[in-house]
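Below is one structure; the comments refer to it alone.
The values are calculated or read from the model by the stated rules, or taken from the named source; none is laboratory data. These numbers were taken from a predicted model, which means no experiment stands behind them. FYI the Cβ positions are ideal-geometry reconstructions off the backbone, even for glycines, and counts take in every protein chain you see.
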Amino acid sequence: MKRLLALRVQPGIRRSAVALALVTLAGCDALAAPKLTLTAEKTTIAAGGHDSTEITATVLVKNKPAVGAEVLFETESGSFSSTDDGLTSLLVTADSEGLAVATLYAPVEQGQTQITATYDDEESGLEAIDRVTIIFGPPQAGNLPVHGRFQLECSHLNVGALRDPKPDINVTCNLSAQTVGGDVLSVESLNVFYLSEAGTLSTVYDETDYNVIYSVQGGHSAPMDVEPVTGEPSRVGSLGEEYNPRDGVVTLLAITSGTEAWTDVNSNGERDSNEPFEDIGEPYLDVDDNGTFDVGEEYFDTNGDGEWTGANGQFDGETMIFAQTKIIWTGELREAVDAARLETEPTSTVIADGGQITLKVWLIDKHMNPIAAYSDPSDYLELSDNTGNLEFNPDYTVSLEERLGMRFDNETGGIMEFYYNDPCSPSAGCYQITVYDGSPGYLEDPVIPFIISVNIWATPGPNVDDWVNQRTTSFVQNITGTTE
């Protein structure tokens, strides 16, 4: 509020004296105006929802602490509550020193905000305002993700990317991260880099969600063709080509800034020199799935020396850490004596009156991997016989589920076990059905020939919010025999 003053100048009073009086009055008004100064404990904090900083407003009225002054804090991003991420304004009463303090908690995503503090002085009718900018940066020491607690998982691990015609497949993946203290970090706060052996791995944002999508387009290159390792099954194709399950395995890698893992023996939240730690090398894309770096494999050059560097023998409190997983690309059924096939046990297909045999259906591709199939879109195999005299257990239709044929070690990147070497089991892509004589005691025609045929309805994989269209395949091979 401005005050207008009218002064009558008496004769004999110099104009300089009048000017001095006006300046003095103006100075009194200035002294009456409130003052507010805004400061921040830290002007840069880590995004992710855990880090915070104190914002202090110092309020003076007539050059004295404004005890009980009510200061309104407002922010464009972040929150003034650790439990309510939507609290963007807060009214705080100043203490005996004229200090009003609010705590700002970082949002999930990196960025910045401007904090505004306002005090309205009722006596003078004037207000005081100040502002400060806070930056939400990447995680810092104490809020860094720990290697081993930074993980990448995908909703499906067997996709029919080698089917013909080649489908467009999108698999939703999930990143998770924790600090040394076990606090869960929001991955939106991290700067993440991706490497993929085949297909693409990327971050996709929409209005409400942060998603990691593994995408396979029809034209993407196939996984690396590798030599079989000890204990891995293999087969030779009709043209002499060698196939093994790891030929279809794709390595995916997510990389971010973090810290090596360590054991906090004394629980003080800091690593002491005598506490054990996990020494890791630079992240690399293990395309041959052997758990070690090989020349030619893509890597992240953390120290910028132009070559891959392994474990350095010392604890790195800030380095590039990684999470990896594997996805299998599979193709259509490849019928062969050592691939997709129909077998019976016993090998004789003569079913005695009231008897039974076991039918083994191997649903695998040329690499000896189980074909892509899922329970959600109701994939199944169907059995039929030309006589109608046979019965099948569990049924003439059998639901299919996603199978891998192997077990991964995501810590080392290697393969821990191949299920193909097991007897017929769903894990290896093999389904067992019991075939019964459906007309026991029927003696008018004691010997009835039968033919069992097998058809497959299988989906190559997911695609955004739906599934790729289900495809039908029929075994050329069938089972012939008789019931008695």
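Data for the structure
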read-out: Whichever residue in segment 245-269 is of a type in the set (S, T, Y) and part of a loop (DSSP other than H, G, I, E, B) and, among such residues, is surrounded by the most Cβ atoms within 10 Å (Cβ to Cβ); value: T263
read-out: Segment 289-299: number of residues that are buried (at least 16 other Cβ atoms within 10 Å of the Cβ), in a loop (DSSP other than H, G, I, E, B) and modelled with pLDDT of 90 or more; value: 2
read-out: Residue tally, condition assigned to a strand (DSSP E or B) and surrounded by fewer than 18 Cβ atoms within 10 Å (Cβ to Cβ), over segment 100-112; value: 4
read-out: Residues of segment 365-391 satisfying the condition of being touching a Lys or Arg at 6+ places or on another chain (Cβ under 9 Å) and part of a loop (DSSP other than H, G, I, E, B); value: D365, K366, H367, M368, N369, I371, A372, A373
read-out: Options V171, V159, V180, V92: the member that is over 18 Å from the mean Cα position of the chain (by Cα) and modelled with pLDDT of 90 or more; value: V92
read-out: Filtered residue count, segment 231-245, keeping only those that are farther than 20 Å from N290 by Cα and in contact with a His (Cβ under 8 Å, 6 or more places away or on another chain); value: 0
read-out: Top-ranked residue in segment 32-41 [being touching a residue at least 40 places away in the same chain (Cβ under 8 Å) and in a loop (DSSP other than H, G, I, E, B); ranked as farthest from L144 (Cα to Cα)]; value: A33
read-out: Selection count, segment 44-70, where residues are closer than 20 Å to L190 by Cβ and touching a Lys or Arg at 6+ places or on another chain (Cβ under 8 Å); value: 1
read-out: Test: residue in segment 349-365 that is surrounded by fewer than 20 Cβ atoms within 10 Å (Cβ to Cβ) and without any contact (Cβ under 8 Å) to a residue 60 or more places away in the chain; value: no
read-out: Some residue of segment 127-145 being outside any strand (DSSP E or B), more than 28 Å from the chain's Cα centre (by Cα) and on the phi > 0 side of the Ramachandran plot; value: no
